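Colleague: Below is the structure I would like to discuss, written out as structure tokens.
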Amino acid sequence: MFTGIVQGTAEVVAIEEKPQFRSHTLRLPPERLAGLEPGASVANNGCCLTVTRIDGDRVSFDLMQETLRVTNLGLLKPGDRVNIERAARFGDEIGGHAMSGHILCMAPITRIIRSENNRQVWFRLPAEYRRYLFTKGYIGIDGISLTIGEVDGGDFCVNLIPETLERTNLGFREEQELVNIEIDPQTQAIVDTVERVLADQAGKND
């Protein structure tokens, strides 16, 4: 489990390509290496990945075909930076919201509104997932726990404070770039349950 409180970014320093498979290596800051061992879970742009190799400050992860298809990790190149979060432990403070690290889809950035002390960023969610959008609802964007500010059809925005811009890769994202989306699991469960109940009732009334 993850909390959506991104601990910083890490640089992609190497990529190894194989058919329908990829490994990438990040250079993690020293404070994120303590106690890290192969087999541990680390969120990369919100996607839960397993550590496969550690060589000093270089930490490697394997990406299967489905991960490459659903997430933006297949678009990375050396020099890019990804948001990282070590898996939560029992007793850790949940400062964001509970996240599984299972990415639902990607969404493009459609608009960025910059002001002196904050930034509003708009995204467009694929049609099949728009029923999960609610103003003030939780959403995970590249692993960051954020609150939805406004919803306009399939578009939604988040408002970012300087700390989020400084700590995460949303500080240097540009329009049309793709971000990973994880819908709040509770929201998804409630919407799916209500839709199922309504469908069952409609079927009984036919």
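Colleague: Would you kindly derive the ³J(HN,Hα) couplings of the range 70-83 from the backbone phi angles with the Karplus curve 6.51 cos²θ - 1.76 cosθ + 1.60 (θ = phi - 60°), listing them in order in whole Hz, with x for Gly and Pro?
Modeller: Result, ordered by residue: 8, 10, 8, 5, x, 8, 5, 9, x, x, 5, 10, 10, 6 Hz.
Colleague: Apply the Karplus curve 6.51 cos²θ - 1.76 cosθ + 1.60, θ = phi - 60°, to the phi angles in the range 9-21 and return the couplings in whole Hz, x for Gly and Pro.
Modeller: 10, 9, 7, 6, 10, 7, 9, 10, 9, 9, x, 6, 7
Colleague: Still on this structure: Among 67-78, 16-27, 174-185, 192-203, what's the highest-first ranking by average C-beta atoms within 10 angstrom per residue?
Modeller: 174-185, 67-78, 16-27, 192-203
Colleague: Further question: Which far-off residues, 5 or more places away or on another chain, put their amide H under 5 Å from the one on T110, with H placed in the peptide plane?
Modeller: Amide H to amide H, under 5 Å and 5 or more residues apart or across chains, T110 pairs with W122, F123, R124, Q176.
Colleague: Taking only C-alpha pairs under 8 Å that are 6+ residues apart, what is the relative contact order of the range 1-106 in percent? Spell out each step's value before the answer.
Modeller: Values: 214 pairs, mean separation 43.3, N = 106.
Reported as a whole number, the value is 41 percent.
Colleague: Next question. Suppose every Lys and Arg Cβ carries +1 and every Asp and Glu Cβ carries -1, with no other charges. What dipole size does the chain come out with about its Cα centre, to the nearest 20 debye?
Modeller: On the way: 22 positive and 30 negative charges, 34 e Å.
The dipole of the chain has a size of about 160 debye.
Colleague: Still on this structure, I have one more. On average, how much accessible surface per residue is there in the range 75-206, in Å², for a 1.4 Å probe, leaving out ligands, DNA and RNA?
Modeller: Working: 7480 Å² over 132 residues.
Counting only protein heavy atoms, the per-residue value for the range 75-206 is 57 Å².
Colleague: Let me check against my output: what whole-number percent is the relative contact order of the chain, with C-alpha pairs under 8 Å and at least 6 apart?
Modeller: Working: 445 pairs, mean separation 48.3, N = 206.
It comes to 23 percent, rounded to a whole number.
Colleague: Next up: Pop the C-beta distance of R130 and D55 into the FRET formula with R0 = 45 Å and round what comes out to the nearest 0.05.
Modeller: Working: r = 43 Å, r/R0 = 0.95.
It comes out at approximately 0.55.
Colleague: Next question. Based on the Cα gyration tensor of the chain, what are the three equivalent ellipsoid semi-axes, each the root of five times an eigenvalue, rounded to whole Å and given largest first?
Modeller: Working: eigenvalues 178, 84, 58 Å².
Output for the chain: semi-axes of 30, 21, 17 Å.
Colleague: Also, quick follow-up: With the full set of protein chains in place, find how many percent of the accessible area of the range 1-75 is carbon and sulfur; take the probe as 1.4 Å.
Modeller: Details: 1780 of 3590 Å².
Result for the range 1-75: 49 percent of the exposed heavy-atom area is carbon or sulfur.
Colleague: If you average the C-alpha positions of the range 125-196 and of the range 6-36 separately, how far apart do those two centres end up, in angstrom?
Modeller: 24 Å
Colleague: Could you order the peptides 99-112, 32-45 from most to least packed, using the average number of other C-beta atoms within 10 Å per residue? Before the final figure, lay out the partial values.
Modeller: Working: 99-112: 17.9, 32-45: 16.0.
By packing density, highest mean first, the sequence is 99-112, 32-45.
Colleague: What net charge do the residues around Q7 carry, taking every other residue with its C-beta under 10 Å from that of Q7, with Lys and Arg at +1 and Asp and Glu at -1?
Modeller: So the environment of Q7 carries a net charge of +1.
The values are calculated or read from the model by the stated rules, or taken from the named source; none is laboratory data. Values in this document were obtained by computation on a predicted structure and should not be read as measured data. All Cβ positions, even for glycine, are placed from backbone atoms using ideal geometry, and neighbour counts span all protein chains on display. To get the accessible areas, we keep the full protein, side chains included, count just its heavy atoms, and leave off ligands, DNA and RNA. Shrake-Rupley method; radii C 1.70, N 1.55, O 1.52, S 1.80 Å.
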